[in-house]
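Notes for the one structure printed next.
No value in this document is a laboratory result; all are computed from the given coordinates. Computed from a predicted model, the values in this text were never measured in an experiment. Glycine also receives a Cβ, built like all others from the backbone with ideal geometry; neighbour counts cover every protein chain displayed.
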Amino acid sequence: MSERASSITSPTETDDPPTGEQHADESATTQDSRAESDTEQEPVTTGAQSVIRALENAGVEYAFGVQGGAIMPVYDALYDSDIYHVTMAHEQGAAHAADAYGIVSGEPGICLATSGPGATNLVTGIADADMDSDPMLALTGQVPREFVGNDAFQETDTTGVTTPITKDNTFSDDPDTVGSDVSEAFALAREGRPGPTLVDLPKDVTKADTDHEPDDPKVPDTYEVQERADPEIVEQAARRIENSSKPALLLGGGVIKGEASEACREFAIEHEIPVITTMPGIGSFPEDHELSMEMAGMHGTGYANMAVTHCDTLIGIGTRFDDRLTGGIETFAPDAELIHVDIDPAEISKNIHADYPLIGDAETVVTQLAEEMETSPQATKWRAQCQQWKSDYSMAYAAPEDRPVQPEFVVEALDEATSDRAVVTTGVGQHQMWACQYWTYTEPRTWVSSHGLGTMGYGLPSAIGARIAADDDQEVVCIDGDGSFLMTLQGLSVAVRENLDITVVVLNNEYIGMVRQWQDAFFEGRHAASEYNWMPEFDKLAEAFGAQGFRIDEYDEVADTIEAAIDYDGPSVIDAHIDPQANVYPMVPSGGDNGQFALAEDQL
């Protein structure tokens with residue numbers, strides 16, 4: 001085996017994949033050197049080489065994927081590239097890792113898979129990225145063109161399957177243009193409202209001869225994005241904010257993706273406006289600031305939901321007002337006039353009517369509003385009311401000694417043991433909500449989760465992508481549930497092979513916990529297919545993979561175990577056995593009134 005092959009499949013202690021500031025610095029250096037040495041590049045001779053050249057020209061450093069027959073020519077070209085390939089244990093994991101890489105880095109993550117089952121295994125991850133507007137490029141192998149439509153071995157209509165869940169997809173049928181197709185797909189994934197794109201690559205196209213160099217990554221001339229909002233509506237919105245007595249900012253995931261967090265922080269602090277976030281917007285505003293009301297919605301804080309319900313002006317930025325945020329549309333912010341900032345015109349008034357529609361880039365439009373503001377709203381009593389709600393609906397919890405360990409206690413202990421810049425990834429379920437509620441987020445791109453699609457199994461593979469994208473001094477912690485972790489735990493083999501410093505904490509209640517909670521509340525406690533008392537011992541299973549395993553059963557084990565796991569240089573897994581009856585509150589029943597949130601089951 002050559003040295004290059006060894007460095008891809010089994011990095012040594014001195015050949016680990018660079019992360020964080022190291023890879024950021026190397027990225028700039030690499031792109032500069034490529035720009036200086038374009039004339040020295042080996043000429044493209046095949047479609048596959050053109051595909052890889054397109055990625056290199058875009059500054060791609062990492063890719064996540066699984067080999068296979070139809071994608072093999074592309075991997076053969078990748079063999080000679082400086083792009084570092086992380087071989088995943090399952091294609092779904094490759095998509096989630098690429099997704100998380102895009103969330104943390106801000107640049108599209110790259111995933112590769114072969115035709116047929118390889119491509120269809122990517123579908124969940126692509127749909128996840130689509131729902132959350134995450135930048136990602138999927139490259140899929142396809143059977144040779146002459147076999148397309150003949151039900152050939154491992155053939156699937158990949159573009160047909162993925163059209164509803166991609167921002168753009170392309171069946172690339174010409175070796176002379178295949179590289180440019182990839183370049184354009186990369187550009188589309190990150191421009192405007194980000195999202196996943198896909199290029200399907202027939203094997204005969206990637207094997208075919210070509211001397212065509214790919215175009216630089218740029219969007220088509222027909223693709224237009226409105227950056228600045230209508231000045232007249234900006235002026236009207238500014239006057240509305242100034243005259244408001246109960247204003248509230250609602251920051252969504254688009255704030256982070258649009259690099260508008262700092263502009264929103266400055267606007268909120270300058271005008272002393274309370275700030276609420278959606279779940280994807282977590283980290284866009286520091287939750288330790290007195291103006292922060294934290295997350296609203298189904299499992300948002302009581303005080304955030306009260307602020308939404310009683311405000312008279314709601315400034316929604318980069319949010320699509322999905323049902324998990326709004327509850328019943330007719331009861332959402334019933335007394336408020338809505339200022340809606342979004343780069344995608346399709347989101348304006350889609351779910352909630354916008355009185356002041358501001359279409360444009362989040363940072364640009366917030367800057368427009370800031371420049372138009374002549375005075376701050378007179379809202380002293382409103383801010384006092386918001387602080388009172390914080391006191392009235394505190395997120396404090398009981399931790400009785402005669403009950404098993406409470407999950408909130410574990411999450412808070414993890415938060416305390418890590419830096420403010422630590423990156424948190426999760427699967428989906430109760431553990432995800434506890435991670436939202438009991439970790440204090442102060443920076444953008446430190447919260448990585450599956451929001452719109454709600455994909456169990458997202459936590460571990462996303463931690464792999466996040467670890468590679470994060471700075472060296474950022475811890476990466478995956479807070480998972482036992483059911484969610486079981487779905488993709490084969491990713492531990494990847495974390496061990498790549499020697500990735502990831503701490504996984506499994507909040508183990510031997511249930512699909514959120515399902516069990518709903519069954520108790522709405523299905524008379526009939527636990528159909530939600531009891532998971534056949535779970536393995538995750539600490540021992542981690543050690544079988546070559547990771548470090550830990551277990552928590554008692555409160556007095558929590559702090560020391562977490563410290564040991566975080567200090568371990570490599571992947572570690574804590575099997576934290578928590579109270580199986582612990583529930584997530586506050587809770588707004590599906591379609592309910594955010595202002596009528598329940599704090600206990602008997603209030604549902």
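Tell me whether segment 231-392 comes out rounded, prolate or oblate; compute the Cα gyration tensor, take square roots of the eigenvalues as a ≥ b ≥ c, and use a/c under 1.5 as the rounded threshold.
On the way: a/c = 1.31, a/b = 1.12, b/c = 1.17.
Since a/c stays below 1.5, the shape of segment 231-392 is classed as rounded.
Of Ser530, Ser244, Ser462, how do they rank once you tally other Cβ atoms within 10 Å and put the fewest first?
Least to most surrounded, the residues fall as Ser530, Ser244, Ser462.
Which of Met295, Ala263, Ala94 sits closest to the plus end of the dipole of the chain, meaning its Cα is farthest towards the positive end, when Lys and Arg get +1 and Asp and Glu get -1 on the C-beta?
Met295
Sorted by packing (mean other beta-carbon atoms within 10 Å per residue), highest first, where do 517-528, 54-65, 347-358, 473-484 land?
Ranked from most to least packed, the peptides come out as 473-484, 54-65, 347-358, 517-528.
Mind checking which aspartates and glutamates have their C-alpha under 17 Å from Lys540, skipping anything on the same chain fewer than 8 residues away?
Straight-distance partners of Lys540: Asp480, Asp482, Glu510, Asp553, Asp575.
Report the paramagnetic label zone for Glu554: residues of segment 383-418 whose backbone N is under 14 Å from a point 7 Å from Cα along the Cα-to-Cβ axis.
It comes to 401-405, nothing else.
Per DSSP H run of n ≥ 4, the term is -39500 (n - 2.57); total these for the chain, divide by its residue number, and report the mean residue ellipticity at 222 nm rounded to 500 deg cm²/dmol.
Details: 24 runs with 233 residues, N = 604.
That comes out to -11000 deg cm²/dmol.
Given N residues in the chain, what is Rg(Cα) / (2.2 N^0.38 Å)?
0.97
Relative to the longest principal axis of the C-alpha atoms of the chain, give the angle of the C-alpha long axis of helix 91-105, reported between 0 and 90° and rounded to the nearest 10°.
Helix 91-105 and the main axis of the chain meet at about 60 degrees.
Hey, can you rank 143-156, 196-209 by average C-beta count inside 10 Å, highest first? Walk me through the numbers on the way to the answer.
Working: 143-156: 14.4, 196-209: 24.6.
The peptides rank, most packed first, as 196-209, 143-156.
By count of other Cβ within 10 Å, fewest leading, how are Val588, Val161 ordered? Don't skip to the answer; put the middle values down first.
On the way: Val588 26, Val161 19.
Exposure proxy ranking, most exposed first: Val161, Val588.
For Arg497, Arg265, what's the fewest-to-most ordering of other Cβ within 10 Å of each Cβ? It would help to have the intermediate numbers written out before the result.
Details: Arg497 17, Arg265 21.
By the 10 Å Cβ count, ascending, the order reads Arg497, Arg265.
Which pairs, out of Lys246/Lys390; Lys350/Lys390; Lys167/Lys257; Lys167/Lys350, put more than 20 Å between their alpha-carbon atoms? Don't jump to the answer; show the numbers that get you there.
On the way: Lys246/Lys390 16 Å; Lys350/Lys390 31 Å; Lys167/Lys257 16 Å; Lys167/Lys350 18 Å.
Pairs exceeding the cut-off: Lys350/Lys390.
Which percent, to the nearest 5, of DSSP beta bridges fully inside the chain are antiparallel? Present the calculation step by step, with values, prior to reporting the outcome.
Details: 3 of 67 bridges.
Among the beta bridges of the chain, antiparallel pairing accounts for roughly 5 percent.
Would you mind putting 501-509, 450-458, 266-274 in packing order, based on average other-beta-carbon counts within 10 Å, highest first?
Details: 501-509: 27.4, 450-458: 23.6, 266-274: 18.7.
The most tightly packed comes first, giving 501-509, 450-458, 266-274.
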